[in-house]
Amino acid sequence: MIENEYGRLMSEKKEGEAEALLNGYTRDFLGATVLKWDELRDQYWREVVFH
């Protein structure tokens with residue numbers, strides 16, 4: 001998991017890589033969340049507004 005990888009990098013004194021790992025994970029999570037909200041919005045408009 002991300003926690004284990006982060007902990008390993010920090011214990012190896014690779015702070016830059018650990019930060020990049022968390023930033024990438026956060027970016028990917030946010031991107032997936034925004035895409036899901038867009039899908040839900042589109043589904044709402046199709047099912048509620050146009051029917």
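With the structure loaded, tell me whether TYR25 is modelled with pLDDT under 95, assigned to a helix (DSSP H, G or I) and either out of contact with any Pro (no Cβ under 8 Å at 6 or more places or on another chain) or surrounded by 10 or more Cβ atoms within 10 Å (Cβ to Cβ) (or both) or whether it fails that test. So TYR25 does not fit the description; no. Exactly one of these conditions fails for LYS13: (1) at pLDDT 95 or above; (2) basic (Lys, Arg); (3) part of a helix (DSSP H, G or I). Give me its number. Condition (3) is where LYS13 drops out.
The values are calculated or read from the model by the stated rules, or taken from the named source; none is laboratory data. This one's a predicted model, so the numbers in the text were calculated from it and none came from an experiment. FYI the Cβ positions are ideal-geometry reconstructions off the backbone, even for glycines, and counts take in every protein chain you see.
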